[in-house]
Number of protein chains: 2
Amino acid sequence: MCESIPKTMKAIVFHGPHDVSTEIRETPKIEKADDVILKVKYSGLCGTDLHSYRGHIKGPVDQIIGHEFLGEIVAKGSDISDSEFKIGDDVLSTFTIQCGICWYCKHGYSGQCDKTNTFGKVGLPGGQAEYVRIPYAKSTLIKKPASQDHADDSVYVLMADIFITGYYGVKKIVDFLGQKPAVGVQQLEIKDATILQYMVLAPLGVGPVGLCALRVLNHLGFKKVVCVDNVPSRLEEAKRLGAYKTINFETEPTLLKEVIEKDTGNVGFDAVLEVVGASAALKTAYDSVRRNGFISSLGMGHEPLPFNGLDCYLKNINISFGRCHVWSLFPEALEIFETLKGDFASFIDHKVSLDESKEAFELFDQHKVSKVVFDLTL
Amino acid sequence: MCESIPKTMKAIVFHGPHDVSTEIRETPKIEKADDVILKVKYSGLCGTDLHSYRGHIKGPVDQIIGHEFLGEIVAKGSDISDSEFKIGDDVLSTFTIQCGICWYCKHGYSGQCDKTNTFGKVGLPGGQAEYVRIPYAKSTLIKKPASQDHADDSVYVLMADIFITGYYGVKKIVDFLGQKPAVGVQQLEIKDATILQYMVLAPLGVGPVGLCALRVLNHLGFKKVVCVDNVPSRLEEAKRLGAYKTINFETEPTLLKEVIEKDTGNVGFDAVLEVVGASAALKTAYDSVRRNGFISSLGMGHEPLPFNGLDCYLKNINISFGRCHVWSLFPEALEIFETLKGDFASFIDHKVSLDESKEAFELFDQHKVSKVVFDLTL
């Protein structure tokens with residue numbers, strides 16, 4: 001254990017809806033041989049933090065919250081060799097922990113790890129704090145790439161969850177569209193099935209995950225990406241990041257239908273990325289996707305599905321649901337992130353100290369800022 | 001028009017539930033330039049014919065029924081050149097018609113053709129008759145392969161619908177499992193992800209489509225295929241055709257759970273092929289598939305889906321629904337069928353003349369025969 005770790009630290013604690021505060025808490029200690037203690041440098045405030053803040057879902061009362069963070073290793077358990085991690089290493093953390101050895105971890109589905117948990121939830125104190133304990137550190141931390149530029153490292157908070165979640169949604173679209181179609185008795189050459197010409201409705205909901213997905217789609221060659229939201233500033237950002245068209249579903253309620261008619265010959269989108277999870281969003285996805293198209297659903301729904309078995313049969317619908325496998329996808333997503341991260345620096349428009357938690361949550365809740373990062377290097 | 005075509009013919013007509021009869025009808029004529037008149041040689045009775053026979057769905061009253069047939073071209077429209085089809089050609093027909101030129105036909109999704117219809121439904125007299133008119137003949141008929149053996153051609157009735165539908169369900173499984181998984185930070189080598197070791201629950205419901213799917217799975221290298229049904233004779237046939245295990249869900253109600261525990265380490269099946277469409281079958285599929293696994297659903301459901309958005313999210317479920325694109329898939333399915341057709345000859349256990357329609361429907365309805373073919377070569 002490093003001598004310089006103080007016994008207490010500052011941390012942001014959730015007490016209930018609209019009730020968070022910065023408090024003094026005991027600094028976490030190594031509990032298991034594969035733990036690491038991280039000194040946090042940057043810690044993001046994620047849109048999902050608002051679910052409990054707004055009281056939409058039950059939050060972890062009296063828990064330190066936050067699941068988007070990076071920092072420096074200041075202590076490690078006996079099972080972690082120096083070839084794995086050294087004291088002083090700059091590391092990124094995934095928003096979940098995962099054991100690394102169960103069937104799901106071994107097969108590329110770390111988001112379904114038998115022992116997974118999310119930082120800031122019950123049983124796992126989060127990273128909006130000066131220090132955070134990382135269980136299963138070998139399969140939760142990744143060394144931060146050595147900076148080849150002088151960009152602010154705070155942008156890496158996006159790699160904990162948001163960017164990789166967007167990447168996951170896109171990867172499934174690429175996998176689906178990459179499947180060799182049947183070409184029929186005429187052995188028709190499918191001349192227009194190039195990636196550039198696929199029409200993709202992505203995302204439904206242009207929050208940070210959606211914007212990352214949009215940028216990845218563009219990067220991979222999808223040039224006809226249509227974005228839908230009802231927040232003008234988000235739609236402007238989507239334009240800046242390369243959206244082919246943007247649609248404000250509140251002020252332009254017929255535009256999506258017009259785009260489908262005009263841009264797809266009324267066939268519909270080849271794929272739709274749904275990041276909201278609400279039944280209404282899935283209904284829009286169903287209505288907008290072409291027959292035999294693909295819906296990549298990242299949103300965590302709680303409602304009945306807005307289509308029945310016959311609807312699905314008649315449209316030959318293909319759907320993929322579920323949480324991102326952040327750890328499994330980290331290497332391939334990081335490679336793309338390194339080339340795109342400059343585009344995302346502007347996402348983070350509000351950097352403050354841990355002391356300013358109340359105000360930061362309020363501003364974020366009221367959509368007055370896009371992305372809050374608690375900067376512990378200040 | 002060939003001189004020898006009589007003005008009237010025998011045909012099986014649907015009048016209502018449990019009411020079919022063989023009648024004299026006017027022989028169809030060329031109506032459009034891309035029509036063909038087929039002299040039927042073999043015409044199958046399909047399980048879906050029972051839906052209307054039993055009154056489960058509204059049948060086409062006073063219509064000639066039947067959508068599984070093959071025969072010889074005896075007349076053709078002026079748009080069909082001799083390089084396409086000649087009088088006298090032996091041809092197979094798909095169970096649907098398709099225009100061949102719409103977006104869906106051009107892109108490998110002929111089952112979604114803008115102008116599709118099914119033989120034996122309203123507006124399109126079927127093939128349980130001596131003659132049948134084939135609209136869009138260029139994209140509905142396929143030349144029968146020259147026989148390299150002396151097998152009975154009646155087995156080709158399976159190529160109108162059943163075999164290719166089973167193949168379609170399997171193809172989607174192969175496409176899904178063939179996607180490159182994320183391998184994680186450890187860059188783990190996935191040693192057991194060979195096709196031989198995938199556990200596939202296929203089909204749920206071992207009717208003719210399911211048996212064809214099973215045989216295709218085996219042919220493609222899937223050796224661990226588990227079949228579920230409640231009809232002992234079907235499960236015996238599944239064993240004969242290479243099922244790894246068979247489960248009678250009525251007499252062995254806990255066996256599926258035991259197989260999942262023992263054979264998959266309680267992970268679940270990599271993929272499930274569902275051929276029934278009922279909510280209960282989809283629920284079994286959902287419960288049996290592993291997280292991040294794949295459900296290939298061929299059944300035409302009419303009920304609400306037995307899972308909501310959260311169920312799908314939590315299990316990272318992937319599902320594909322819909323009707324087979326028989327014409328689009330014909331060439332690749334035929335290639336496999338030619339090597340496997342010998343296995344299917346025994347499917348057809350009741351060959352009769354068109355005159356015996358009443359008795360044939362009754363026997364088929366009562367599960368006393370597996371597959372009826374009306375043999376017009378007799």
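Values as computed for the structure displayed
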quantity: Failed condition for residue B:37, given (1) hydrophobic (A, V, I, L, M, F, W, C); (2) crowded, with 16+ Cβ neighbours inside 10 Å; (3) farther than 26 Å from residue B:330 by Cα; calculated: (3)
quantity: Residue ranges of helices (runs of 4 or more DSSP H) in the range B:140-255 with at least 3 members within 14 Å of chain A (Cβ to nearest Cβ) and at pLDDT 90 or above; calculated: B:162-177
quantity: Set A:7, A:58: member being modelled with pLDDT under 95, of a type outside the set (Ser, Thr, Tyr) and on the phi < 0 side of the Ramachandran plot; calculated: A:58
quantity: Residue check for residue B:115: basic (Lys, Arg), touching a residue at least 60 places away in the same chain (Cβ under 8 Å), farther than 24 Å from residue B:344 by Cβ and surrounded by fewer than 24 Cβ atoms within 10 Å (Cβ to Cβ); calculated: no
quantity: Residue count for the range B:61-99, restricted to those that are in a loop (DSSP other than H, G, I, E, B), within 14 Å of chain A (Cβ to nearest Cβ) and under 30 Å from residue A:269 (Cβ atoms); calculated: 3
quantity: Single condition residue B:137 does not satisfy, out of (1) without any contact (Cβ under 8 Å) to a residue 40 or more places away in the chain; (2) surrounded by 21 or more Cβ atoms within 10 Å (Cβ to Cβ); (3) within 26 Å of residue B:25 (Cα to Cα); calculated: (1)
quantity: Only listed residue being out of contact with any Cys (no Cβ under 8 Å at 6 or more places or on another chain), in the same structural domain as residue B:225 (by TED's automatic domain parsing) and surrounded by 23 or more Cβ atoms within 10 Å (Cβ to Cβ), chosen from B:249, B:294; calculated: B:294
quantity: Odd one out for residue B:14, checked against (1) assigned to a strand (DSSP E or B); (2) surrounded by fewer than 20 Cβ atoms within 10 Å (Cβ to Cβ); (3) of a type in the set (A, V, I, L, M, F, W, C); (4) touching a residue at least 24 places away in the same chain (Cβ under 8 Å); calculated: (2)
quantity: Positions within the range A:320-345 being aliphatic (A, V, I, L, M) and surrounded by fewer than 24 Cβ atoms within 10 Å (Cβ to Cβ), in sequence order; calculated: A:334, A:336, A:340, A:345
quantity: Selected residue [buried (at least 18 other Cβ atoms within 10 Å of the Cβ) and among the aliphatic types (A, V, I, L, M)] from B:73, B:24; calculated: B:73
quantity: The range A:40-57, subset under 17 Å from residue A:354 (Cα atoms) and of a type in the set (D, E, K, R), residue surrounded by the fewest Cβ atoms within 10 Å (Cβ to Cβ); calculated: A:41
quantity: Residue list for the range A:307-335, filter: in the same structural domain as residue A:294 (by TED's automatic domain parsing) and acidic (Asp, Glu); calculated: A:311
quantity: Answer from A:89, A:114 - the residue that is at pLDDT 95 or above and more than 13 Å from residue A:134 (Cα to Cα); calculated: A:89
quantity: Residues of the range B:19-60 classified as under 24 Å from the mean Cα position of the chain (by Cα), in a loop (DSSP other than H, G, I, E, B) and not charged (D, E, K, R), total; calculated: 8
quantity: Some residue of the range B:282-289 being farther than 17 Å from residue B:217 by Cβ, in contact with a strand residue (DSSP E or B) (Cβ under 7 Å, 6 or more places away or on another chain), crowded, with 24+ Cβ neighbours inside 10 Å and within 10 Å of chain A (Cβ to nearest Cβ); calculated: yes
quantity: Candidates B:307, B:269, B:337, B:321, filtered to the one that is of a type in the set (Phe, Trp, Tyr) and facing chain A (nearest Cβ under 7 Å); calculated: B:321
quantity: Residue within the range B:52-67 that is more than 19 Å from residue B:133 (Cα to Cα), touching a residue at least 60 places away in the same chain (Cβ under 8 Å) and in the same structural domain as residue B:132 (by TED's automatic domain parsing) present; calculated: yes
quantity: Residues being hydroxyl-bearing (Ser, Thr, Tyr), assigned to a helix (DSSP H, G or I) and out of contact with any Lys or Arg (no Cβ under 7 Å at 6 or more places or on another chain) - total across the range A:100-119; calculated: 1
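The values are calculated or read from the model by the stated rules, or taken from the named source; none is laboratory data. Just so it is clear, the model here is predicted, and its values are computed rather than measured. Using ideal geometry, Cβ is built from the backbone for each residue, glycine included, and neighbour counts are taken over all protein chains shown.
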